[in-house]
Amino acid sequence: MSRQIPHCTIDGPSGVGKGTAAKWLATQLGWHLLDSGAMYRVAGIAAEQAGVPVDDPAAVADIVRRMKVRFEGDSTTDHIALEGRDITADVREESAAMLASRIAVFPEVRDALLHAQRAFLQPPGLVADGRDMGSVVFPEAPLKIFLDASAEERARRRCRQLRQAGMPAILADVLTDIRARDARDRGRKVAPLKAAEDAVIIDTTELTVDAVCDRIFSLVKDSGLTSVVS
Ligand code: DC
């Protein structure tokens, strides 16, 4: 079934802009969007709200299996509800990102989220963004893209994004957080952040968002993934 439904994975480190690119691409193609980072963030929030120690893999995985989460919207994940409560703003906080990165090191937690992530693969197609979309969750994806950029440039982008969303952001603090998350995401034993062997790597350090989107769109067209793309 997965081979018949067109899909494209976009992986990369924190703050590289893969969320923006993935959302743009999903909208262009009219495909579904999986923001897997949001799933890990929700999982972290759910564990914290349940009063479970976030360093207890079995307990966190248990909460993750039982949590009732709803991603609302079509090719976007603009509204996220946990147990019926809107947690969209909480999910975007840096504290949620840090929590997500901590629980994401546990294989039990990753396993608990695997089925839910694969369930996003529905017609007419899927753009999946995260750290291990191409390497673990959708290894058969016909097109895999890995976006990269220097930590400094990613910190600048993240600061801009936070400030635009009305949240305070200090560049030095954001850079420290990004480096800590990089170390954890790249260094973990299970599904570490790395480009799949067959991924196309794009260094976006010197590229504008528009230029990145153009490159991705060309790759989609060249891959013959969809005849709808003209
Ligand atoms: O993409 P993001 O910043 O929202 O992700 C938050 C954290 O979730 C990230 O630091 C690591 C984890 N994550 C992961 O381990 N695997 C994914 N596919 C997506 C996110």
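The values are calculated or read from the model by the stated rules, or taken from the named source; none is laboratory data. Keep in mind that this is a model prediction, so the values were computed, not measured. Every residue, glycine among them, receives a Cβ derived from its backbone with ideal geometry; neighbour counts consider all protein chains shown. Accessible surface is based on the protein model in full, side chains and every heavy atom, while ligands, DNA and RNA are left aside. Shrake-Rupley method; radii C 1.70, N 1.55, O 1.52, S 1.80 Å.
Quick check on the chain: of the DSSP beta bridges with both residues there, what percent are antiparallel, nearest 5%? Could the numbers behind the result be given before it?
Values: 6 of 23 bridges.
Close to 25 percent.
Could you calculate the contour length gain from K194 to A89, that is, 0.36 nm times the residue separation minus the distance between their Cα atoms, to one decimal place in nm?
35.0 nm
So which trypsin sites (Lys or Arg not before Pro) in segment 50-117 are both in a DSSP loop and have at most 16 other Cβ atoms within 10 Å of their Cβ? Show your work: numbers first, answer last.
Values: sites: R65, R66, K68, R70, R85, R92, R102, R110; in loops: K68.
Here the sparse-neighbourhood loop sites are K68.
Where in segment 85-112 does the amide nitrogen come within less than 12 Å of the point 7 Å from the Cα of A50, taken along Cα to Cβ?
Counting only backbone N, you get 109, 112.
Determine the per residue accessible area of segment 1-128 with all protein chains present and a 1.4 angstrom probe, expressed in square angstrom.
Values: 5520 Å² over 128 residues.
Result: 43 Å² per residue.
If you take every DSSP beta bridge fully contained in segment 1-133, what fraction is antiparallel? Give it as a percent rounded to 5. Write down the numbers at each step before the final one.
Working: 6 of 15 bridges.
Just about 40 percent of them are antiparallel.
Of K144/K221; K23/K189; K18/K68; K68/K189; K68/K194, which pairs sit farther than 24 Å apart, going by alpha carbon to alpha carbon? Working shown, then result.
On the way: K144/K221 13 Å; K23/K189 29 Å; K18/K68 26 Å; K68/K189 28 Å; K68/K194 30 Å.
Long pairs (Cα-Cα over 24 Å): K23/K189; K18/K68; K68/K189; K68/K194.
Given a 1.4 angstrom probe, I'd like the percentage of the accessible area of the chain that is carbon and sulfur, rounded to a whole number.
Details: 5710 of 11010 Å².
Here it works out to 52 percent.
Between H79 and A119, what is the label-point separation in nm under the 7 Å Cα-to-beta-carbon projection?
Calculated label separation equals 2.0 nm.
Could you grab the relative contact order for segment 140-230? Cα pairs under 8 Å, six or more apart, rounded to a whole percent. Write out the running numbers ahead of the final one.
Values: 65 pairs, mean separation 37.8, N = 91.
Computed value for segment 140-230: 42 percent relative contact order.
Taking segment 134-223, which trypsin sites (Lys or Arg not before Pro) meet the DSSP loop condition and have no more than 12 other C-beta atoms within 10 Å? Spell out each step's value before the answer.
Numbers: sites: K144, R154, R156, R157, R158, R160, R163, R179, R181, R184, R186, R188, K189, K194, R215, K221; in loops: R188, K189, K194.
Within segment 134-223, the qualifying trypsin sites (Lys or Arg not before Pro) (loop, at most 12 other Cβ atoms within 10 Å) are K189.
Largest first, how would H32, H79, H7, H115 line up by accessible area (1.4 Å probe)?
On the way: H32 50, H79 90, H7 5, H115 150 Å².
Of H32, H79, H7, H115, the descending order of accessible area is H115, H79, H32, H7.
Ordering V105, V137 by accessible area with a probe of 1.4 Å, largest first, what comes out? Mind dumping the intermediate values first?
Working: V105 45, V137 0 Å².
Highest to lowest solvent-accessible surface, that is V105, V137.
Considering the zone a paramagnetic label at R156 would reach in this model (a point 7 Å from Cα along the Cα-to-Cβ line), which residues of segment 6-24 have amide N under 16 Å from it?
Residues 15-17 qualify, since their backbone N sits under 16 Å from the label point.
Only helices at least 18 Å long along their own axis, judged from Cα atoms, and with Kyte-Doolittle mean hydropathy of -0.5 or greater: name those in the chain from DSSP H.
Values: long enough: 36-49 (20 Å, 0.24); 151-164 (20 Å, -2.22); 171-187 (23 Å, -0.67); 209-223 (21 Å, 0.50).
Result, helices passing both filters: 36-49, 209-223.
For segment 1-65, treating each Cα as an identical point scatterer without solvent, what Debye log10 I(q)/I(0) comes out at q = 0.13, 0.24, 0.25, 0.26 1/Å?
-0.53, -0.95, -0.98, -1.01
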